[in-house]
Amino acid sequence: MACVPPQHLAVLALLFNFASALCTIVANKYALKVFHYPAALTAIHYSLSWVAVKGAHRLGVFQRGTVPREQKKLFYSLVIAWATCNALSNASLEANSVGFYQLMKVLTTPIVVFIDFVWHGKVISLGKALVLAFACVGIAVATVSDVQLSPRGTLIALASVMFGVAQKTLNEHMQQRGGLSTLQLMLEAFPPMTFIGLALVPLMDPPGLLTFHYTPIVITKILFSGVVAVCINFSTTLVLGVTSALSLVLLGQVKTCAIMIAGLILFDPQPNRRAFCGATTAVLGIGWYTVLKVLERRAKERKPPVEVMSPAVGDMEDSAMPSSKQNSFLSLKEEEALLSSTRTGKM
């Protein structure tokens, strides 16, 4: 990696992540066609990822971190949400078409925005709201037009989305406030997630796992899906380290479109043009919303800080003013300083 130029490394990381994401959905779908135990398959993925992250730690790729004592409850909540989310995700992939499965993943962003509005009072701009409404219309059109839709699959997909929202929120909290990197968090979370995944097997999977006939083809598909799951975890971490947020956003939208097209070609016996058009509309809407969010964050980071100057000691004119007039006079001076710095930045 050290001999690879940074721009080439970024391109390789993006290609690796794109191929891993596409292979993950296809490999899991093929594995679940012959191995109808999504919770067991998820537990296998956790155990393989645990071994891979442990090996990376032994090789010195990263240092082990510790969960702060005050963050323990949130950490265990994250572990439960993370384990349940992935198990439900594989169950949704088995019960639904690839297009509907991926479309419900897109629904995560509007739900997060709604929860932020209800719980934290965060209000988004009118432009973002219109883009999200545009995306939700596309989701509605695609959902109504999906001929393979079933009540059971819809409930599993909605449950997967809700647990995914919880996992995303808690994961962000643990990395930003808990002081853990992605690999450190994975190393701490995968052991208990493996045991939770095994505990979910009798609750989610049909009976017959112990008496299942494991042919070489079945074992190969299961192991291949597990290896691809490890690759997607590693490649996502690599992309976050060598590319910008905007590149990651655009890559995510390309992956979503490619996954839906692959599902349409490989797994849907009767392609539905209306459903595909609605899904494309939803992806474009979420993609544009995310781009606006990234650009807004960049604008805030580039905005120079405003320094408030205190009045000079001994300035009799200012000190002789009443406090209310003096505060108003200072606010005017602050506004003039802000306008001056803004004009200077534009020149």
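Highest average first, the peptides 70-83, 48-61 ordered by how many other beta carbon atoms sit within 10 Å of their residues are 70-83, 48-61. Summing Lys, Arg as +1 and Asp, Glu as -1, what charge do residues with Cβ under 13 Å from the Cβ of Lys54 carry, Lys54 excluded? Net of charged neighbours comes to +1. Pairs with C-alpha atoms separated by more than 29 Å, drawn from the list Lys54/Lys300; Lys168/Lys300; Lys73/Lys105; Lys105/Lys221, are Lys54/Lys300.
Packing order of peptides 160-168, 199-207, highest average first: 160-168, 199-207 (average count of other Cβ atoms within 10 Å over each peptide's residues).
Report the FRET efficiency, 1/(1 + (r/R0)^6), for Ala299 and Phe195, where r is their Cβ-Cβ distance and R0 is 56 Å, rounded to 0.05.
Numbers: r = 45 Å, r/R0 = 0.80.
E between Ala299 and Phe195, to the nearest 0.05, is 0.80.
Summing charges over all other residues whose Cβ lies under 9 Å from the Cβ of Leu187, with Lys and Arg as +1 and Asp and Glu as -1, gives +1.
Read-outs: derived from the displayed coordinates by stated rules, not from any lab. Every value quoted in this text rests on a predicted model; they were computed, and no experiment measured them. For neighbour counting, all protein chains shown are included, and Cβ atoms are generated from backbone atoms with ideal geometry for every residue, glycine included.
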